[in-house]
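Notes for the one structure printed next.
Bear in mind that the values in this text are calculations on the coordinates, not laboratory data. Small disclaimer: the values here were computed from a predicted structure and weren't measured. Here the Cβ positions follow ideal geometry from the backbone for every residue, glycine too, while neighbour counts run over all protein chains shown.
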Amino acid sequence: MPEGHKTHFFAREHSQLLAGQVLKVTSPQGRFRGDARKVSGKILAQVTALGKHMFYEFDSGQIIHIHLGRYGKFRNLACPPPAPVGQVRLRMIGDENTIDLNGPTTCRVIDDELRQQVANKLGPDPLAGGRKADAWEKIQKSKKPIGAILLDQSVIAGIGNIFRAEILHDVGLSPDIRGCDLPRAKFDQLWRSTRRLMKVGLKYGKIVTVTAKQAGMPIAKVQGKERFCVYGRKNCAVCDHPVDTIELASRKLYRCPSCQKVR
Ligand SMILES: [Zn+2]
């Protein structure tokens, strides 16, 4: 599932491709047809992201709200677009570019009030100017382990399963320490790490947590699981200790027992 760096990456890319243009909006598959009619022929003002949610804001005040979920996938195409491939829920056709969307969890037209309701349920997004204090307020009261808290979008918005593992590893934190037991200094470090790793992800359009030195090549070239320190790996990229996994918040969490001793 795309994590927060990717929604911001898409928002920036799609703004560059389509903003300021009158869009033809369709739903080749049909499930979005009614909503597509509401915004087709309107000018797309901008695309923004908040956590794992995306908002295509039209001059008319209407907004296409998208959550990619596990299977949502964008495809960038030219104009005029070729025949749709698979179940294309949403097709946005601009002057020179077309964007198709298949398989999202959410794709609907909403107004600003509904968008606010979505935003109110989310914790701070480090890539959208979210406030550190808002995350700390919830974490310091929580009796859940930090490894579970980090996946809770109402605490920090945008962290998924890969970021969770890599952020905890980056700050040397055991995933089972409870929020209420987390020292403030460690939380500060965790927030800094989250921001930094998300910014790197946004810059390259993919999560990369190893350094160029660890990877033995420029960051932009690192592919697959070689991009990570612990996620999906047999051995830790930093210390080479075997990585183990635990089940936390119903998802598999990778950790290095040697690097992540703070608890
Ligand atoms: Zn390690």
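Structural remarks
- Close amide H partners of residue 177, meaning residues 5 or more places away or on another chain with modelled amide H under 5 Å apart, are 146, 147.
- Per-residue HN-Hα couplings for the stretch 158-164 [Karplus 6.51, -1.76, 1.60; θ = phi - 60°; Hz; x = Gly/Pro]: x, 7, x, 5, 6, 4, 3
- Amide H partners (placed H, <5 Å) of residue 88, local residues excluded: 29
- The chain: calculated mean residue ellipticity at 222 nm from DSSP helix runs of at least 4, using -39500 (n - 2.57): -8500 deg cm²/dmol
- Dipole axis of the stretch 126-255 (+1 Lys, Arg; -1 Asp, Glu on Cβ), positive-most option in 163, 218, 177: 218
- Of the residues 57, 113, 137, the one with the fewest other Cβ atoms within 10 Å heads the list, and the complete ranking is 113, 137, 57.
- Around the amide H of residue 46, modelled in the peptide plane, lie the amide H atoms of 57, all under 5 Å away and 5 or more residues distant in sequence or on another chain.
- The Cα center of the stretch 168-185 and the Cα center of the stretch 63-131 differ in position by 34 Å.
- Sequence-ordered 3J(HN,Hα) estimates for the stretch 207-214 from the Karplus curve with 6.51, -1.76 and 1.60 and θ = phi - 60° stand at 6, 9, 10, 6, 8, 4, 5, 4 Hz, glycine and proline given as x.
- Within straight-line cross-link reach of residue 141, lysines at Cα separation under 16 Å, skipping those fewer than 8 residues along the same chain: 132, 186
- Rg followed by Dmax, in Å, when the stretch 4-120 is reduced to its Cα trace: 12.8, 39
- Each residue of the stretch 245-254 is assigned a 3J(HN,Hα), and the resulting list reads 10, 10, 8, 9, 6, 6, 10, 6, 10, 8 Hz, derived from the Karplus form 6.51 cos²θ - 1.76 cosθ + 1.60 (θ = phi - 60°), x at Gly and Pro.
- Three-way shape call for the stretch 27-66 based on the alpha-carbon gyration tensor, with the a/c threshold at 1.5: oblate
- Simple point charges give the picture: +1 on the Cβ of Lys and Arg, -1 on the Cβ of Asp and Glu, and for the chain a dipole about the Cα centre of about 560 debye.
- Radius of gyration and Dmax over the Cα atoms of the chain, both given in Å: 19.8, 57
- Spatially proximal lysines relative to residue 42 (Cα-Cα < 20 Å; intrachain offsets below 8 disregarded): 24
- Peptides 158-169, 89-100, 14-25, 216-227 ordered by average Cβ neighbours within 10 Å, highest first: 158-169, 89-100, 14-25, 216-227
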